[in-house]
Amino acid sequence: MDRVLNRRLPVREDTALRVVEAAERIGFHATGLLRQRVSEKPRRTFGFLLQKKDHEFYRNFAAALTAAPRQADAVQCRCIIDFIDEIIPAVIAQRIVEAAQKCDGLAVVAVDHPLVNEAIAKAGKPVVTLLSDVAAPERKAYISADSIRCGRTAGWAITRLARRTGKIGIMLGSHRYLSQELAESSFRSYVREHAADFQLLEPIVNLEDSRISYEAAVNMIASNPDLVGIYVAGGGPEGVMAALRDERAGDRIVTVCNELTSFTRAGLIDGTLDVVLNTPIVDISHAAVDILSRATLGESWDMVRSLQFPAELIISESL
């Protein structure tokens, strides 16, 4: 009865209703308040740890997450959103531990690393991974765009749009982003299966940094006169776009990247980019709030532990 009245711990709705019925039978003086407590949505605080605040994509993602609680059915919730500017496992792990102390459930964008997995295991709160998964068995669910479809779609686009066969470059933010690793392997799989005449270069890690992307793309273009395509499977497309413009190579190199932002929109319009695979951040945000709500309400866990949405394929003519 104390848990229902004072909401010290989560109580299932059917259990709470039985408590109210029992209180009515014995004439408990606070039965009215008990029933009011049951009819009210419980309050929850959810934390979200995103990457790099200076990236437009993550600012857009934060806005979608802030708006998502308005659609929540089961709880009244507020969001605490924070950003991690360094892709350093020890830093991410520490931020997970700190964030878990301030909220009822947590969703994170993180690299896969033993330190990160250990922090999730020790968080003591339900943890959901966003955009990229980790190996920690304690995480409740993984919500993202479908990396396999993204990689294969990028392979289809570049090999179909290229004017001739040649070399294709690949960029990743980090091999420890499992979603990017999977997108790369799926990209390679498509090319091996359907376009074996193309040669795939070894992937370049850009740490989601546009400056590193710029230097890598300039060097890639200069070192490979027969370069016909670039797949940016992670962040940093701004640097690649700048290199293509400076080297006047956008008209002969087919480029596919992620996320529709003001920068990539401009790249599609002026022909620097050919295809953008846009992550459905609104769908992911609503799913994250729903899953965290159900987890913090003590519901039995019978849902799918991996929820992946198809990315939106955007070209200049669809803007």
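The values are calculated or read from the model by the stated rules, or taken from the named source; none is laboratory data. None of the values given here were measured: they were computed from a predicted structure. Note that each Cβ is placed from the backbone with ideal geometry, even for glycine, and that neighbours are counted across all protein chains shown. For the accessible areas, the whole protein counts, side chains as well, though only heavy atoms, and no ligand, DNA or RNA atoms are used. Shrake-Rupley method; radii C 1.70, N 1.55, O 1.52, S 1.80 Å.
Summary of values
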| read-out | value |
| --- | --- |
| FRET efficiency for residue 161 and residue 67, using Cβ-Cβ distance with R0 set to 41 Å, rounded to 0.05 | 0.70 |
| DSSP bridge orientation in the chain - percent antiparallel, rounded to nearest 5 | 5 |
| Cα Rg, Dmax (largest Cα-Cα span) when computed across the chain, Å | 23.3, 86 |
| Over the range 235-319: Kirkwood hydrodynamic radius from C-alpha pairwise inverse distances, Å | 15.0 |
| Average silhouette area of the range 161-319, convex hull of alpha-carbon atoms, in square nanometres | 10.7 |
| Sulfur and carbon atoms: percent of accessible area, the chain [1.4 Å] | 50 |
| Span-like helix ranges in the chain, DSSP H, alpha carbon extent 15 angstrom or more, Kyte mean at least -0.5 | 13-26, 56-67, 89-100, 147-161, 210-223, 281-296 |
| Mean projected area in nm² (Cα convex hull; one quarter of hull surface) for the range 50-135 | 5.5 |
| Where N is the number of residues in the range 178-271, Cα Rg divided by 2.2 N^0.38 Å | 1.04 |
| Helix-only CD estimate at 222 nm, as mean residue ellipticity for the chain, using -39500 (n - 2.57) per DSSP H run (n ≥ 4) | -14000 deg cm²/dmol |
| Cα-Cα P(r), the range 148-225, percent of pairs per 10 Å interval | 19, 48, 32, 1 |
| Rg in Å to one decimal, and Dmax rounded to a whole Å, for the range 111-165 via C-alpha atoms | 16.8, 54 |
| Cα-based radius of gyration of the range 88-193 once divided by 2.2 N^0.38 Å, which approximates compact folds | 1.30 |
| Amide N proximity, the range 146-176 versus residue 252 label position 7 Å along Cα-to-Cβ, cut-off under 20 Å | 158-170 |
| Listed residues 263, 57, 187, most fluctuating in the chain (Gaussian network, C-alpha, under 10 Å) | 263 |
| Convex hull of Cα atoms in the range 27-176, direction-averaged projection (nm²) | 12.6 |
| Probe 1.4 Å, accessible area per residue of the chain, Å² | 47 |
| Gaussian network model of the chain, Cα within-10 Å springs - most flexible of 259, 193, 238 | 193 |
